[in-house]
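Novice: Take a look at this one; I'll ask things after.
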Amino acid sequence: MTHAEAPERGVFITFEGGEGAGKSTQIAHLAARMTAAGAPHVALTREPGGSAFAEIARTLILDPASAPKGPLAQALLFYAARADHLDETIRPALRRGSWVLCDRFSDSTRAYQGAAGGVAPAALSQLDDIVVGADQPDLTILLDLDPKIGLQRANQRRASSPGTFVAADTYEGRQLDFHQRLRAGFLALAAAAPQRIVVVDAQLNELAIADLIWRHVAERFANRLAGAGKGAP
Ligand SMILES: Nc1ncnc2c1ncn2[C@@H]1O[C@H](COP(=O)(O)OP(=O)(O)O)[C@@H](O)[C@H]1O
Ligand SMILES: [Mg+2]
């Protein structure tokens, strides 16, 4: 009797940054390039969201009418959603050997509810140890952008949604100084974890950024990508 070999654990990459920085745009570019390079399983997911419960939590959090008002209550809801997202989606995908690309993760809670919202970093750190534990991202791409430009981009995106009026969500509607604290918070996280978090200038054009990110991923995970390509026709 033969036993199927357990696949090598997958790779977990997160995208972070403020509104309109280009996270959703770049995650799609990276997924396409990874697939083209022969990575067989690329799983795209997002926060808040990524599981049945977490998607419902997302609607509660992003709608200003139902979002918890206090940053601590927000952080607890984000971590409840994250626990379910990890159990239902991220951990199973990593066990299958998938590349998991996630649009926002714990650094967003640290920046929004921590740096910009005032929840003590030590409290968030304890929650993160309990909920995420050893399943930390292998790499985080931080798209860094002046929030004035990011908010303009987010407004343009909203205006171009055909036939629908989409109101600014809980966070997009905040004052500029909130978004400036947010940016500084993200940059401080990157300075504290330079081996995990790579800062990318999000003011460059879309394809230049996609090239930078791809070169970084291809270099950092060269062995894994070479292995992934072997089975390709
Ligand atoms: N590098 C870029 N330069 C200019 N506009 C961009 C760039 N990247 C994305 N955009 C546009 O900005 C808007 C926000 O991008 P998006 O990827 O949705 O940001 P995020 O997911 O970080 O909020 C979209 O309309 C997108 O087409
Ligand atoms: Mg997005």
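The values are calculated or read from the model by the stated rules, or taken from the named source; none is laboratory data. Just so we're clear, the structure is a prediction, and the values are computed from it rather than from any experiment. Because the Cβ atoms are built from the backbone with ideal geometry, glycine has one as well, and the counts that use them run over all protein chains shown.
Novice: Out of (1) farther than 18 Å from Arg110 by Cα; (2) away from ligand 2 (no atom under 16 Å from the Cβ); (3) surrounded by 17 or more Cβ atoms within 10 Å (Cβ to Cβ); (4) not aliphatic (A, V, I, L, M), what's the single condition that is false for Arg82?
Specialist: Going through (1) farther than 18 Å from Arg110 by Cα; (2) away from ligand 2 (no atom under 16 Å from the Cβ); (3) surrounded by 17 or more Cβ atoms within 10 Å (Cβ to Cβ); (4) not aliphatic (A, V, I, L, M) one by one, Arg82 breaks only (1).
Novice: Given Ala120, Ala39, which one is of a type in the set (A, V, I, L, M), more than 16 Å from ligand 2 (Cβ to nearest atom), farther than 17 Å from Asp135 by Cβ and loosely packed, with under 14 Cβ neighbours inside 10 Å?
Specialist: Of the residues listed, the single one that is of a type in the set (A, V, I, L, M), more than 16 Å from ligand 2 (Cβ to nearest atom), farther than 17 Å from Asp135 by Cβ and loosely packed, with under 14 Cβ neighbours inside 10 Å is Ala120.
Novice: For Thr45, all conditions in the list (1) in a helix (DSSP H, G or I); (2) among the β-branched types (Val, Ile, Thr); (3) surrounded by 15 or more Cβ atoms within 10 Å (Cβ to Cβ) hold save one; what is the number of the exception?
Specialist: (1)
Novice: Against the condition surrounded by fewer than 19 Cβ atoms within 10 Å (Cβ to Cβ) and of a type outside the set (Gly, Ala, Ser), how does Leu30 come out, does it pass?
Specialist: Taking the combined requirement at face value, the residue does not satisfy it.
Novice: Tally time: how many residues in the range 169-188 are in a loop (DSSP other than H, G, I, E, B) and under 11 Å from Leu151 (Cβ atoms)?
Specialist: Qualifying residue count, the range 169-188: 5.
Novice: Can you give me the number of residues within the range 11-36 that are aliphatic (A, V, I, L, M) and away from ligand 2 (no atom under 15 Å from the Cβ)?
Specialist: Adding up the residues that qualify gives 5.
Novice: Let me ask you something else. Just give me the residues in the range 85-108 being more than 16 Å from ligand 1 (Cβ to nearest atom) and buried (at least 23 other Cβ atoms within 10 Å of the Cβ), in sequence order.
Specialist: His85, Ile90, Trp99, Val100, Ser106
Novice: Inspect the range 138-148 for any residue being crowded, with 20+ Cβ neighbours inside 10 Å, away from ligand 2 (no atom under 16 Å from the Cβ) and at pLDDT 95 or above and give the result as yes or no.
Specialist: So far as the range 138-148 goes, no, none of its residues is crowded, with 20+ Cβ neighbours inside 10 Å, away from ligand 2 (no atom under 16 Å from the Cβ) and at pLDDT 95 or above.
Novice: Can you confirm whether the range 52-63 contains a residue that is surrounded by fewer than 18 Cβ atoms within 10 Å (Cβ to Cβ) and either part of a loop (DSSP other than H, G, I, E, B) or in contact (Cβ under 8 Å) with a residue 40 or more places away in the chain (or both)?
Specialist: yes
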